[in-house]
Amino acid sequence: MRSDELAARLLSMFVEELEEQLRVINEDLLALERAPDDAERLRSLFRSMHSLKGAARAANVAPVEELCHALEGELALARDGQRPLAPPQLLHGFAASDALADAARRLRAGEAIPPGEYDALLLAIRSGATLPRASGRSMAAENPPPAAAGAPTPP
C-alpha cells in the first residue's frame, strides 16, 4: 500500500472514530452538567479525549490533536482533584465538542481544517477564560478571551 493510500485510510478510520467518540463525549458532558462530581463520567470523557488525541496524531490532524490535548489537560486537573469541574470547564467541553463535530464534517467532506481554526478556543481552554454557551467554533471566534497583559490589541 502506498503512503498516500495509507494516509487516506487512516484519515477515514479517524473520522469514523471521531464521530463515534463524539456521541460518548456529548453524553458524558450532559451527564456532568447535571452531576459534576460523577467521577466515572469524568474518567470516560478524559479517556475519549486521550484516545482522540492519539488517533488524530496518527492521522496527522494536528488541530484536533491540539484541541483534545488542551481539554485532556483541563479534565486531568478535575480528575486528579486539583480543581473541581465547574461551569467554565463544562462550557469548554461543549465548545470543544462543537469544534470536533465541525472537524468531523469538514474531514468527511474532504476539506482541510485551516491552520489556527480553533486557536481562540484553545486559548480560552488554556487560560481558563469563561465563555458563553454557544457553538464551539463560532463562539470561540466571536468571543475571544481577553488579551494578555501587555499584548497588543487588534485594531
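Structure above, values below:
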read-out: Solvent-accessible heavy-atom area per residue, rounded to whole Å², over the stretch 1-134 at 1.4 Å; value: 52
read-out: Karplus-derived HN-Hα couplings along the stretch 38-44 (A = 6.51, B = -1.76, C = 1.60, θ = phi - 60°), whole Hz, x at Gly and Pro; value: 6, 4, 5, 5, 4, 4, 5
read-out: Qualifying GluC sites (Glu not before Pro) for the stretch 62-119 [loop in DSSP, other Cβ within 10 Å: at most 16]; value: Glu111
read-out: Most to least packed among 38-46, 6-14 [average Cβ atoms within 10 Å]; value: 38-46, 6-14
read-out: Accessible-area composition of the stretch 1-74, carbon plus sulfur, in percent [1.4 Å probe]; value: 51
read-out: Charge dipole magnitude, Cβ of K and R +1, D and E -1 - the stretch 29-127, Cα centre, debye nearest 20; value: 220
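The values are calculated or read from the model by the stated rules, or taken from the named source; none is laboratory data. Please read all numbers here as calculations on a predicted model, not as lab measurements. Every residue, glycine among them, receives a Cβ derived from its backbone with ideal geometry; neighbour counts consider all protein chains shown. What goes into the accessible areas is simple: the full protein's heavy atoms, side chains included, and nothing from ligands, DNA or RNA. Shrake-Rupley method; radii C 1.70, N 1.55, O 1.52, S 1.80 Å.
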